[in-house]
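Asker: Sending over a structure as structure tokens; questions will come in a sec.
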Amino acid sequence: MKALSGYTPDGLVRALPDLLGREIPAYRGRQISEWLVRGASSFDQMTNLPRSLREELSRCSVVYSTTGQEALEDGDGTVKLVISLHDQAKIEAVLLKDQEGRKTACLSTQAGCPMGCVFCKTGTLGFRRNLSAAEIVEQFLRLKFFDQGLSNIVIMGMGEPLLNLEELRKAVAVIEDPDGFNFSKRRITLSSCGIIDGIAGLAEKGPPLELAISIASADSELRSRLMPVNRSNPLDKLKTALLDYQKTVKRRITLELVLLRGINTRKEDATALAAFAKGLESVVNLIPWNPVPGLLFEGKELETPSTGEISSFASALEERGQHVTIRYRRGQGVSGACGQLGSL
Ligand code: SF4
């Protein structure tokens with residue numbers, strides 16, 4: 001059944017006659033949208049709709065398509081929601097709170113992931129399916145009403161967002177609609193492993209989101225071993241796509257580097273990354289690997305670098321002219337940190 005959470009207010013006004021198979025005044029669609037914005041997740045809560053209409057709606061649609069959530073809270077304030085889908089698949093969405101008081105919702109776009117990055121738990125799950133726009137919006141809604149005051153969204157959870165761009169576009173349209181949730185696009189970041197066609201599609205048809213690219217290494221041979229996507233989406237073409245994106249969407253691009261002890265933190269890795277970043281307006285975000293037991297790289301267990309290894313790599317990048325940030329580790333207690341989703 002259609003989930004009403006996946007419609008913008010105007011979209012809902014247009015969709016209701018088809019769903020109900022009869023004409024209905026436009027203001028009814030707007031009333032339903034207002035209830036969604038206020039946090040309603042069932043028709044029973046929409047008390048200004050006649051009971052007969054609520055019953056009619058419940059025969060042809062649902063308010064939410066996702067069927068339940070389990071909340072796991074870490075001592076550092078991170079909340080992970082494990083959300084059940086109508087087909088029994090589960091996805092995870094995370095609320096991260098940083099030291100400046102920002103609350104960031106991390107949303108998933110696929111159940112599982114086909115990309116197989118070696119440092120990521122989700123990559124070991126395999127791919128189940130793309131999420132619908134409603135399933136993406138509902139992660140936002142569940143986190144929004146779990147803890148008020150969301151300031152940012154990162155589309156970075158389970159899955160590769162640029163492989164589900166059509167549904168993601170619809171979801172962003174709902175989240176940003178000024179007559180609905182009115183959440184600014186400027187506060188939404190999309191993180192990709194570097195799908196070149198998807199970056200071009202985003203530049204051409206939008207939405208113009210902040211873009212973060214998981215690089216892992218700018219040494220092509222090493223990157224292919226860490227991230228199989230590199231074999232079909234090589235670094236030189238990725239760079240061209242990023243330059244084109246930056247011409248259209250005039251924003252700084254984040255280059256995310258998961259740091260793996262003894263693997264991608266050498267001086268030559270810093271040199272290769274600086275060469276890749278040349279000409280791009282970018283910031284390098286270092287992410288010390290969040291441990292996932294059993295993840296192997298060419299037969300050896302992955303490890304998190306020591307503090308000394310992290311700071312000397314950061315310095316090597318800065319010496320090569322890069323602007324560097326280091327991501328605080330948050331959410332490890334609930335396996336909600338970057339690369340850990342799907343651990344439970
Ligand atoms: S890092 Fe992202 S793209 Fe790579 S396997 Fe994990 S979820 Fe998929």
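Nothing in this text is a laboratory measurement; each read-out follows from the coordinates by a stated rule. These numbers come from a predicted model, not from an experiment. Methodologically, a virtual Cβ is constructed for each residue, glycine included, from the backbone with ideal geometry; neighbour enumeration extends over all protein chains shown.
Asker: If you place +1 on the Cβ of every Lys and Arg, -1 on the Cβ of every Asp and Glu, and leave all else neutral, what size is the dipole of region 163-262 about its Cα centre, to the nearest 20 Debye?
Answerer: Once rounded to the nearest 20, the dipole reads 300 debye.
Asker: Which cross-chain or sequence-distant (5 or more) residues have an amide H under 5 Å from the amide H of Val154, H modelled 1.01 Å from N in plane?
Answerer: Ala105, Cys106, Leu107, Thr189
Asker: So for the chain, averaging the separation of alpha carbon pairs under 8 Å that are six or more residues apart and normalising by length, what relative contact order in percent results?
Answerer: Answer for the chain is 15 percent.
Asker: Amide H neighbours of Glu256 under 5 Å, at least 5 residues apart or on other chains, H built in the peptide plane: list them.
Answerer: Close amide H contacts, sequence-distant or interchain: Ile213, Ser214, Ile215, Asn285.
Asker: Using a/c under 1.5 as the rounded threshold, could you call region 2-62 rounded, prolate or oblate? The axes a ≥ b ≥ c are square roots of the C-alpha gyration tensor eigenvalues, and prolate needs a/b larger than b/c, oblate otherwise.
Answerer: rounded
Asker: Lys/Arg Cβ at +1, Asp/Glu Cβ at -1, dipole of the chain taken about the Cα centre: which of Leu259, Phe181, Phe146 is farthest positive-ward?
Answerer: About the Cα centre, the residue reaching furthest to the positive side is Phe181.
Asker: Let me ask something else about it. Just check region 56-137 against the gyration tensor rule for me: Cα atoms, a ≥ b ≥ c as the square roots of the eigenvalues, rounded for a/c under 1.5, and otherwise prolate or oblate depending on whether a/b exceeds b/c.
Answerer: Oblate shape, in that a/c is at least 1.5 and b/c is the bigger or equal ratio.
Asker: Taking a ≥ b ≥ c as the square roots of the eigenvalues of the Cα gyration tensor of region 196-336, is the shape rounded (a/c under 1.5), prolate (a/b larger than b/c) or oblate?
Answerer: The shape class here is prolate.
Asker: Apply the Karplus parameterisation 6.51 cos²θ - 1.76 cosθ + 1.60, with θ equal to phi minus 60°, to every residue of region 296-304 and state each ³J(HN,Hα) to the nearest whole Hz, in sequence, with x for glycine and proline.
Answerer: The phi angles translate into 10, 10, 6, x, 10, 5, 5, 9, 7 Hz.
Asker: Among Met46, Val13, Gln69, whose Cα sits farthest toward the positive end of the charge dipole of the chain (+1 at Cβ of Lys/Arg, -1 at Cβ of Asp/Glu, about the Cα centre)?
Answerer: Val13
Asker: Which is farthest toward the positive dipole end of the chain among Val292, Leu211, Pro234, measuring Cα position about the Cα centre, with Cβ charges +1 (Lys, Arg) and -1 (Asp, Glu)?
Answerer: Leu211
Asker: May I pose another question? Please list, ordered by chain and number, the residues whose modelled amide H lies under 5 Å from the amide H of Ser335; skip anything fewer than 5 residues away on the same chain.
Answerer: Hits under the 5 Å cutoff: none.
Asker: What are the principal axis extents of the Cα atoms in the chain, in Å, biggest first?
Answerer: Ordered largest first, the chain gives principal extents of 69, 41, 36 Å.
Asker: In sequence order, what are the phi-derived ³J(HN,Hα) couplings for region 129-138 according to the Karplus relation 6.51 cos²θ - 1.76 cosθ + 1.60 with θ = phi - 60°, rounded to whole Hz, with x for glycine and proline?
Answerer: Couplings: 5, 6, 8, 7, 4, 4, 5, 6, 4, 5 Hz.
Asker: So what is the relative contact order of region 2-62, in percent, for Cα pairs below 8 Å that sit 6 or more residues apart?
Answerer: Reported relative contact order: 41 percent.
Asker: Taking the Cα centre of the chain as origin and charging only Cβ (+1 Lys, Arg; -1 Asp, Glu), how large is the dipole, in debye to the nearest 20?
Answerer: 340 debye
Asker: Can you pull out the trypsin sites (Lys or Arg not before Pro) in region 12-67 that DSSP calls coil and that have at most 15 other Cβ atoms within 10 Å?
Answerer: For trypsin sites (Lys or Arg not before Pro) across region 12-67 that sit outside H, G, I, E and B with at most 15 neighbouring Cβ atoms in 10 Å, the list reads Arg22.
Asker: Within a 10 angstrom radius of the beta carbon, how do Val62, Val94 rank from fewest other beta carbons to most?
Answerer: Listed from fewest to most nearby Cβ atoms, that is Val62, Val94.
Asker: Within the set Lys170/Lys205; Lys121/Lys267; Lys80/Lys121; Lys2/Lys103, which residue pairs have Cα atoms separated by over 19 Å?
Answerer: Violating the 19 Å limit, Cα to Cα: Lys121/Lys267; Lys2/Lys103.
Asker: Hey, another quick one. Just to confirm the number: angle between the C-alpha axis of helix 235-248 and the first principal axis of the chain, 0 to 90 degrees, nearest 10?
Answerer: 50 degrees
Asker: Just the number, please: percent antiparallel of the DSSP beta bridges in region 68-334, rounded to the nearest 5.
Answerer: 45 percent
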